[in-house]
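The values are calculated or read from the model by the stated rules, or taken from the named source; none is laboratory data. Keep in mind it's a predicted model, so treat the numbers as computed, not measured. Heads up, the Cβs are rebuilt from the backbone with ideal geometry, glycines too, and the neighbour counts pull from every protein chain shown. Heads up: the accessible areas ignore ligands, DNA and RNA and are worked out on the full protein's heavy atoms, side chains in. Shrake-Rupley method; radii C 1.70, N 1.55, O 1.52, S 1.80 Å.
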Amino acid sequence: MRFMATDHRKLPRRRGEVLNVAIYEATLEELAEIGYSGLTMERVAERAKASKASLYRRWPSRIELVMDAVYHTLPDPASAPDTGSLRGDLLALLERTARMLSGPAGEAMRGLLCEALGDESRAATFRAHSQGTGRKMAGEIIRRAVERGEVRPEAVTPRRLDVGQALVRQHFLFHGPPIPEILIVEIVDEVLVPLFTRA
């Protein structure tokens, strides 16, 4: 898609969250249209009808920009699925993760990992900017399962909270989208439920 040069000084002035949202939306549209490798701060600024300076004031590089744009689309961890059962919640969570990876967020993940693998400073930026949203959502699901008596408190550890979404991401990175529904069921029934409920 070609953009005509825009003089941002002639556009209505936007500030704060209104401007941030416009930039996030432009970033996600760029990811969907041309992928991470073609995404530039200049293209995002043009699509968002914002100045490049306004982007660079908020995000030193596209790593931070893309991560913030993706996190902006994610639900609050407190809104983790609540079906009333551990198995139902885990299935709903991993299905949500699979849908997310099939869109711009998945494209962002592939690009960010490729960029970070060969450069330690970029890898450090990637790690520092991570919010641990997946673990927080899994933690909320398991917390409710503990309250219902489905899970023993001592069975809950940070590594166990990471397992389900880590397996989904691994499949996505090696095989791409879409993630088969049967895979989600197998991860929940063969790995996660036994992991949290068996003595």
Positions within the range 113-141 being closer than 22 Å to Asp76 by Cα and in contact (Cβ under 8 Å) with a residue 60 or more places away in the chain, in sequence order: Phe126, His129, Ser130, Gln131, Thr133, Met137, Gly139, Glu140, Ile141
Unmet criterion (only one of (1) under 22 Å from Val18 (Cα atoms); (2) surrounded by fewer than 17 Cβ atoms within 10 Å (Cβ to Cβ)) for Leu55: (2)
Every pair of residues 6+ apart whose Cβ atoms lie under 7 Å, when the first sits in the range 177-190 and is touching a residue at least 40 places away in the same chain (Cβ under 8 Å) while the second is open to solvent by 80 Å² or more (accessible area, probe 1.4 Å): Val188/Arg87
Cβ-Cβ under 7 Å pairs, at least 6 apart or on other chains, the range 142-157 side free of Cβ contacts under 8 Å to residues at least 60 places away in the same chain, far side exposed (fewer than 10 other Cβ atoms within 10 Å of the Cβ) and in a helix (DSSP H, G or I): Val146/Pro153
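Out of Pro75, Pro81, report the one residue that is more than 16 Å from Tyr24 (Cβ to Cβ) and not in a helix (DSSP H, G or I). Walk me through how you get there before you give the answer.
Details: Pro75 fails: more than 16 Å from Tyr24 (Cβ to Cβ).
Criteria check complete, one pass: Pro81.
From the list Glu120, Glu150, Glu154, which residue is open to solvent by 10 Å² or more (accessible area, probe 1.4 Å), more than 30 Å from Glu25 (Cβ to Cβ) and in contact with a Ser or Thr (Cβ under 7 Å, 6 or more places away or on another chain)? First the steps, then the outcome.
Working: Glu120 fails: in contact with a Ser or Thr (Cβ under 7 Å, 6 or more places away or on another chain); Glu154 fails: in contact with a Ser or Thr (Cβ under 7 Å, 6 or more places away or on another chain).
Testing whether each residue is open to solvent by 10 Å² or more (accessible area, probe 1.4 Å), more than 30 Å from Glu25 (Cβ to Cβ) and in contact with a Ser or Thr (Cβ under 7 Å, 6 or more places away or on another chain) leaves just Glu150.
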Enumerated helices (runs of 4 or more DSSP H) restricted to the range 93-199, each holding at least 1 residues that are acidic (Asp, Glu) and more than 25 Å from Trp59 (Cα to Cα): 133-148, 158-175, 181-186
Single match in Glu95, Glu29, Glu17 (criterion: open to solvent by 60 Å² or more (accessible area, probe 1.4 Å), at pLDDT 95 or above and farther than 30 Å from Thr197 by Cα): Glu29
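Given the criteria surrounded by 13 or more Cβ atoms within 10 Å (Cβ to Cβ), free of Cβ contacts under 8 Å to residues at least 60 places away in the same chain and within 16 Å of the chain's Cα centre (by Cα), does Arg110 qualify? Reasoning before the result, please.
Values: surrounded by 13 or more Cβ atoms within 10 Å (Cβ to Cβ): yes; free of Cβ contacts under 8 Å to residues at least 60 places away in the same chain: no; within 16 Å of the chain's Cα centre (by Cα): yes.
Here the answer is no, as Arg110 does not meet what is asked.
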Pairs where the first residue, in the range 77-98, is closer than 14 Å to Glu140 by Cα and the second is open to solvent by 10 Å² or more (accessible area, probe 1.4 Å) and hydroxyl-bearing (Ser, Thr, Tyr), C-beta under 7 Å, 6+ apart: Pro77/Thr133; Asp89/Thr83; Ala92/Thr83
